[in-house]
Amino acid sequence: MALRNRRGPQAAALLAIVCIIGLAAAGCGSSTPAASKPTGTVNVAYASSLQYLNEKMVSPAFTKATGYKFSGFGASSGDLESDIASGEIHPNVFESVGGDNITPLFPKFTKWYVQYAGTSMVVAYNPNGKYASQFKAIADGSKPLVDLFTLLQTPGLRLGRTDPASDPQGRDFIYMLELAQSYYHLPSDTVTNILGGPTGSTTSSQIYAESALDSTLQSGQLDASSAFITQAIELHLAYIKLPPAINLGSFALASTYQNASVTYTSSGASVTKHGSPQVIDITIIGKPTPAALAFVKYTLSKAGLAEYKTGGFTLLSPTSTGSGIPSSIKL
């Protein structure tokens, strides 16, 4: 009996402790539900030059920070614009190189975009190719940079670039060559000799899909290619850095870049575009979903922008164009 009397108070005390713990952890009968974790996936259409950054860096960090999942697909900004407009794809978010691939979607699909990062042009090269020693000498300063534009005219040199009619990088490479021709006082046929034909041609054998250009260079099928410096850094490509006067990376030289232009045919109409500093822009397509809002907010956050900086981008103060940007997106 003495033993049973001693166990009674102990059992009661134990029960009280269990209830207290239960109240703290589960409400012990409270009707207040536990906060649920965010669910859903953001579908992002992005310029192919952002593939490594989005898939390897942003995606896991975004999911860890917010709980939302990420699903992305890359292509040239112009192709993505066309696919969105035609209804072929239905992304929640669109990331483009240049706002001129977003404004054609006004006002049906979106009415705004935010620019937040910048990049610049370089010439990437195959470090094991036939001309590797010559490219390397220019890259390390052993030879003057102007020699690059003579080297690119070498018969048999395999040069890769993207379609100027659909991809900003394709136009940027041509703008860069035009600016270099003027800046270095090169012969008037330098650009067309390097391109192997008219600047606005979309059928050149040099043209590759943006999503395949880097891998084609890395496989040894090309001697050199156009690239953004961010791609070169992220993919560990050998590359030649270009001066601000021609690399489309300086906002102070915007008026100079305007002097370069490309005219091409699109849907039977002649289109002329001019050079400009290269920026990354983001917008939400259609009705904002919680996951889409979370992704844009994360991208523009201190943590998100830090990932762009690590990837070689120049950070810009986020600036909106258009109207109707959701109030929850703080700039």
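Which helices (runs of 4 or more DSSP H) sit wholly inside region 108-222 and have at least 1 residues that are more than 25 Å from the chain's Cα centre (by Cα)?
Of the helices (runs of 4 or more DSSP H) lying wholly inside region 108-222, those with at least 1 residues that are more than 25 Å from the chain's Cα centre (by Cα) span 132-139, 147-151, 168-183, 190-195.
Restricting to region 264-284, name every residue that is touching a Pro at 6+ places or on another chain (Cβ under 8 Å) and either more than 20 Å from residue 49 (Cα to Cα) or at pLDDT below 95 (or both).
The one that is touching a Pro at 6+ places or on another chain (Cβ under 8 Å) and either more than 20 Å from residue 49 (Cα to Cα) or at pLDDT below 95 (or both): 264.
Any residue at all in region 259-272 that's among the hydroxyl-bearing types (Ser, Thr, Tyr), in contact with a helix residue (DSSP H, G or I) (Cβ under 8 Å, 6 or more places away or on another chain) and surrounded by 20 or more Cβ atoms within 10 Å (Cβ to Cβ)?
Within region 259-272 (the criterion being among the hydroxyl-bearing types (Ser, Thr, Tyr), in contact with a helix residue (DSSP H, G or I) (Cβ under 8 Å, 6 or more places away or on another chain) and surrounded by 20 or more Cβ atoms within 10 Å (Cβ to Cβ)), the answer is no, since none of the residues qualifies.
Condition first: β-branched (Val, Ile, Thr) and surrounded by 18 or more Cβ atoms within 10 Å (Cβ to Cβ). Now tell me which residues in region 37-62 satisfy that.
Selection gives 42, 44, 58.
Yes or no, residue by residue, for (1) of a type in the set (D, E, K, R); (2) part of a loop (DSSP other than H, G, I, E, B); (3) more than 15 Å from the chain's Cα centre (by Cα):
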residue	(1), (2), (3)
233	no, no, no
240	no, no, yes
254	no, no, yes
272	no, no, yes
286	no, yes, yes
294	no, no, yes
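Just for region 90-107: of the residues that are in a loop (DSSP other than H, G, I, E, B) and closer than 20 Å to residue 266 by Cα, which one is modelled with the lowest pLDDT?
Restricting to residues being in a loop (DSSP other than H, G, I, E, B) and closer than 20 Å to residue 266 by Cα, the top hit is 98.
Scan region 195-231 residue by residue and report those that are of a type in the set (A, V, I, L, M) and touching a helix residue (DSSP H, G or I) at 6+ places or on another chain (Cβ under 6 Å).
Once the filter is applied, which keeps residues that are of a type in the set (A, V, I, L, M) and touching a helix residue (DSSP H, G or I) at 6+ places or on another chain (Cβ under 6 Å), region 195-231 yields only 222.
When the residues of region 109-146 are filtered to those that are free of Cβ contacts under 8 Å to residues at least 12 places away in the same chain and not hydrophobic (A, V, I, L, M, F, W, C), which remaining residue is surrounded by the most Cβ atoms within 10 Å (Cβ to Cβ)?
Within region 109-146, the match that is surrounded by the most Cβ atoms within 10 Å (Cβ to Cβ) is 143.
The values are calculated or read from the model by the stated rules, or taken from the named source; none is laboratory data. These numbers were taken from a predicted model, which means no experiment stands behind them. Here the Cβ is made from the backbone with ideal geometry for all residues, glycine too, and neighbour counts use every protein chain on show.
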